[in-house]
Structures are given as structure tokens and as C-alpha cells.
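Engineer: The structure that follows is given in the form of C-alpha cells.
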Amino acid sequence: MTRFRYGLALTAACSAVLLTACGGGGSAVQSGAAPASLSSPASEDAAARDESTAKEPQARQTRQGQAGGVASGVQAAQQERQVIYTGSMTVRAERVAPAVQQAKQIVTEAGGYLSQEESNSSGDTEASAMLEFKIPTAKYGEVLRRLGGELGKQLSLNQNAQDVTLKVADVESRLKSAQQSLESLRALLKRADTIGQVLDVEREISSREADLESLQAQQKELATQTAMATLTLRLVGPVAAVEDPADEPAGFFGGLKAGWQALVSFTQTALTVIGALLPWVAVSVPLIVLVVWLVRRDRRRPAPAPATPDTEAA
């Protein structure tokens, strides 16, 4: 009986070991990778395609990153624009003279200056003034705002901006070429042997120096115009008439108005001339009449009778 029990226990243990081994081997084969000896050519090609497909986006990203790095490292040089600003403003002020002084003070505080002034002080209400200012470009907008808001009522504002960047670059390039040419000519003058060669080179040097001075003047003028904006300010009194070119009619009526104004202006000029000549005419006409009368009286006197022989004998 005891042997039978030991046999059953041994049989059950062996069965359990066999079942455990079979289960572990099956799981190992299912979960593990297939051995190289058991892999087919089709499976190898599929695996290679999958690997290349997985690596292609990474390579593309790498190339894009490198290209982006190179492009980002190159910075486009932006040339500073050279612009000439000009403007004109009309302001109606209560009193023109104080407004003129205030405008000068505003421009001076901004670093500008007065370049031209014309004024007409025909009464406080009909007075007018024309001022031309040079204003730093950086303060141009601020000065416009202050002049239009602090002096009185702004009636009109016209602005113009001209980009002269290419012109400035052209003048600078021509200036450098002229300087190099002049230096070459001066070096050639030192190697001249004859008087004729010296005279020819000196004549050419004089011509190039004149061109160089002209280019330098153009460069200076452009630098001044781009650094300082030009503003023409017109100040008018409370009742002074202001003509706005935008309100003028065009076409037939515009021509009719222009012709009428020209006729009125000619008539006024003619009357002014006549008025200026009238005092001279009033003084000179009597003198001319007197001179003419005296001349005619002398002509009307009878001539003396010719002498006869008897009168000569006596």
C-alpha cells in the first residue's frame, strides 16, 4: 500500500514537471524572436523595408535641420533707407506775431532752425507770415503735431517723402571711383618724363578734381536733405483769406476763373502805373505847352524888310 502511494505521488510529480516544461517552451517560442535559421527571405525584405521607412523621416528631419541652420546663419544685410521729407502747413492763429515766436521756439527745442521768413503785418486780424524750417527727421512728426495743435486751428497739411537711397549709393560709388582715378593720375604725374606729359596729366587732374568737388557737394547736399526735413509753415490771422488749391475748380470754370484773375491783376497793375505817372504828367504838360507856345510865337514874328539902295545911300 505504501509503495502504491509513493508511485502515485511520483507519477503526479512527473506529470506536473512535464506540463510546466511544455507550457514554458510554448510561451518562449511565441514571445521570443524567430531564429535566424527559421526566418524566410520575405520576412527579411519586409523587415528591411520597415527599417528604411522608419529611418527616412529621421534623415529628412536631419537634412532640414542642417539646411535651417545654414539659412538661419545667413543674415540679409538691410540697407538703411535715405528719405527726404518735405511738408507744408497752414494754421489760422488769433495773433500772428506771437504764433511766429512760438513756432520758432518749438522748432529750436527740437534741434531745428529757421531758414527763411516772410511776414505781412497789416493789422492783427489780416496779418500773415511764411516760415520755412529745417527739422531733424527724427523729430519731424512731433514738431508737426505741436505746430498744428498749439498755434491755432490747422487748416491744411501736405506732406511728401522721396526715397533717395539709390541716388545716395550712386553718388558714393562715383565719388570713390573719382578718388581712385585721381590717385592714379597723381601717381602717373610722378612718373612723367616730358613737359608735354606733365601738362596733359595736370590738365586731366584738374578736370577730375572739379568732378570730385561736384560729387562731394552733391553728397553733402543729400546728407543735409535726408538729415533735416523741410517744413513750410504759413500763419494767417482770424480774417485773412486763405486759398486752398484743392478747392479750385478744374476744366472750363477753372480756366475762366484763372482768366478773370489775370484780367483783374492786369487792370490793377495798369491803374497802379497810371497813378504813378499822373503827377509827372500834371507837372510836365504845362511846361511842354509853354515851350511849344514860345517856339510858335518866334516863328510867327515878321521878318525884317530887306534894305533898298536909297536906304543904303542915306
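Engineer: Please find, among G251, G259, G237, the residue that is outside the structural domain of A138 (by TED's automatic domain parsing), at positive phi and of a type outside the set (A, V, I, L, M, F, W, C). Before the answer, list the steps.
Structural biologist: Details: G259 fails: at positive phi; G237 fails: at positive phi.
When all the criteria are applied, what remains is G251.
Engineer: Does P238 fit the bill of being assigned to a loop (DSSP other than H, G, I, E, B) and either at pLDDT below 75 or farther than 30 Å from P98 by Cβ (or both)?
Structural biologist: Numbers: assigned to a loop (DSSP other than H, G, I, E, B): yes; either at pLDDT below 75 or farther than 30 Å from P98 by Cβ (or both): no.
No: the conditions fail for P238.
Engineer: Tally the residues that are over 28 Å from the mean Cα position of the chain (by Cα) and modelled with pLDDT of 90 or more, restricting the search to segment 72-92.
Structural biologist: Pass one, segment 72-92, residues over 28 Å from the mean Cα position of the chain (by Cα): 72-74, 92.
With modelled with pLDDT of 90 or more added as a condition, the list becomes 92.
Total satisfying the criteria: 1.
Engineer: Would you be able to tell me the number of residues in segment 93-127 that are within 30 Å of the chain's Cα centre (by Cα) and among the small types (G, A, S)?
Structural biologist: 7
Engineer: Test T194 against the criterion of being exposed (fewer than 14 other Cβ atoms within 10 Å of the Cβ) and either free of Cβ contacts under 8 Å to residues at least 60 places away in the same chain or closer than 26 Å to A217 by Cα (or both), and give yes or no. Step through it out loud before you land on a result.
Structural biologist: Values: exposed (fewer than 14 other Cβ atoms within 10 Å of the Cβ): yes; either free of Cβ contacts under 8 Å to residues at least 60 places away in the same chain or closer than 26 Å to A217 by Cα (or both): yes.
In short, yes.
Engineer: Could you tell me whether segment 249-257 includes any residue that is part of a helix (DSSP H, G or I), surrounded by 10 or more Cβ atoms within 10 Å (Cβ to Cβ) and either of a type in the set (F, W, Y) or modelled with pLDDT of 85 or more (or both)? Spell out the reasoning first.
Structural biologist: First, the residues of segment 249-257 that are part of a helix (DSSP H, G or I): 251-257.
Narrowing further to those that are surrounded by 10 or more Cβ atoms within 10 Å (Cβ to Cβ): 253-257.
Next, only the ones that are either of a type in the set (F, W, Y) or modelled with pLDDT of 85 or more (or both) stay: 253.
Scanning segment 249-257, I find at least one residue that is part of a helix (DSSP H, G or I), surrounded by 10 or more Cβ atoms within 10 Å (Cβ to Cβ) and either of a type in the set (F, W, Y) or modelled with pLDDT of 85 or more (or both), so the answer is yes.
Engineer: Does at least one position in segment 131-143 carry a residue that is closer than 12 Å to G87 by Cα, of a type in the set (V, I, T) and assigned to a strand (DSSP E or B)?
Structural biologist: yes
Conditions (1) exposed (fewer than 14 other Cβ atoms within 10 Å of the Cβ); (2) modelled with pLDDT under 90; (3) of a type outside the set (K, R), marked per residue:
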position: G123; (1), (2), (3): yes, yes, yes
position: L131; (1), (2), (3): no, no, yes
position: A138; (1), (2), (3): yes, no, yes
position: G141; (1), (2), (3): yes, no, yes
position: R145; (1), (2), (3): yes, no, no
position: N158; (1), (2), (3): yes, no, yes
position: D170; (1), (2), (3): yes, no, yes
position: S173; (1), (2), (3): yes, no, yes
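Engineer: Still on this model: Go through the residues of segment 147-169 one by one and say whether even a single one is without any contact (Cβ under 8 Å) to a residue 40 or more places away in the chain and either in a strand (DSSP E or B) or hydroxyl-bearing (S, T, Y) (or both).
Structural biologist: no
The values are calculated or read from the model by the stated rules, or taken from the named source; none is laboratory data. Computed from a predicted model, the values in this text were never measured in an experiment. Note that we place each Cβ from the backbone using ideal geometry, even for glycine, and neighbour counts take in every protein chain shown.
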